[in-house]
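Structure record follows, encoded as structure tokens.
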Amino acid sequence: MSSQPEFGQQLPEPGVPVIRNVNWGGLRTLYIKEVRRFFKVQLQTIWAPAVTTLLFLVIFTVALGGGGRMVSVQHHEIHFAEFIAPGLIVMGMLQNAFANASFSLLVGKIQGTIVDYLMPPLSTLEMLTALAGGAVTRAFCVGGTVWLAMALWGVDVWPQHLWAVLWFGFLGSLFLSLMGVMTSIWAEKFDHAAAVTNFVVAPLALLSGTFYSVERLAPTFQAISHANPFFYIISGFRYGFIGVADSPILVGSLVILGLDVALGFACYALLRRGWKIKN
């Protein structure tokens, strides 16, 4: 379509925004771009994490869960495989949400194509929403694939409270998506993003009660675990499958929701300033 004004149409004054409300077309376009980017290499971004997570389940159930081993959670006896399966699903979701969000702006800065994010008529909030939305979409794709693989393997992963699965899956994925966006803004090379993955995301995920019940730890280590936001995500997500949790569901929901809001404001402020992006 021609960008020339029609006869008699008056052009807007310089500096006056033409799109005065939400640019839904631009937001949708950037979101689709983010989704298509990881779908083009879905063997690496979706199916590979599912296989890796399934191998975790097989190894831990064979090594530690043989003979019908049970795990006690809030005085309920749960089969070991059914106990660790939800934690493995959401752990795969969190790691892939972070990986997707931490790649978008960083690769643009390294390759010199960051202008593709800055030049379109998108507001800061619209760009942040599209970036986080693409990462959350990848997280749910991975989570669904892992869930299907575990169900085919014979593990009982039928949700008892679907709302908790979706709610904590969304809150957790959004939390790691915003962490990824912040990392992408701060990082100047891939080593910086890898350092956050290896020294922040991976340890917090592994020490969050994925493979064990926190109530069996000593009081000191229980307190440390309760300071880990991943603990509340995994506990709430597990509640959706087995009906019991290591922490109050309302407390965990409020903690993660508060962290999401705080990270969202922080990412918005950094993107609006153009810190390490426009400078």
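The values are calculated or read from the model by the stated rules, or taken from the named source; none is laboratory data. Quick caveat: nothing in here was measured; it's all calculated off a predicted structure. No Cβ is skipped: glycine too gets one built from the backbone with ideal geometry, and neighbour counts run over all protein chains shown.
For the stretch 205-235, how many residues are within 25 Å of the chain's Cα centre (by Cα) and assigned to a helix (DSSP H, G or I)? Give the steps one after another, and end with the answer.
Filtering the stretch 205-235 for residues within 25 Å of the chain's Cα centre (by Cα) gives 205-214, 222-235.
Still in the running and assigned to a helix (DSSP H, G or I): 205-206, 214, 222-226, 229-235.
Selection size over the stretch 205-235: 15.
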Out of (1) within 16 Å of PHE237 (Cβ to Cβ); (2) at pLDDT below 90, what's the single condition that is false for ALA85? (2)
What is the number of the single condition among (1) closer than 20 Å to VAL196 by Cα; (2) buried (at least 17 other Cβ atoms within 10 Å of the Cβ); (3) more than 11 Å from the chain's Cα centre (by Cα); (4) in contact (Cβ under 8 Å) with a residue 40 or more places away in the chain that ALA164 does not meet? (1)
Identify, by number, the condition in (1) modelled with pLDDT of 90 or more; (2) in contact with a helix residue (DSSP H, G or I) (Cβ under 8 Å, 6 or more places away or on another chain); (3) farther than 26 Å from LYS278 by Cα; (4) of a type in the set (Phe, Trp, Tyr) that TRP153 doesn't meet. (1)
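Which one is farthest from GLY258 (Cα to Cα) among residues in the stretch 175-186 that are crowded, with 22+ Cβ neighbours inside 10 Å and more than 11 Å from the chain's Cα centre (by Cα)? It would help to see each step written out before you state the result.
At the first step, the residues of the stretch 175-186 found to be crowded, with 22+ Cβ neighbours inside 10 Å are 175-181, 183-184.
This time we only want the ones that are more than 11 Å from the chain's Cα centre (by Cα), so: 183-184.
Values: THR183: 19, SER184: 22 Å.
So, considering only residues that are crowded, with 22+ Cβ neighbours inside 10 Å and more than 11 Å from the chain's Cα centre (by Cα), the one farthest from GLY258 (Cα to Cα) is SER184.
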Reported set for the stretch 202-245 where residues are small (Gly, Ala, Ser), out of contact with any strand residue (DSSP E or B) (no Cβ under 9 Å at 6 or more places or on another chain) and at pLDDT 85 or above is ALA202, ALA205, SER208, ALA223, SER225, ALA227, SER235, GLY236, GLY240
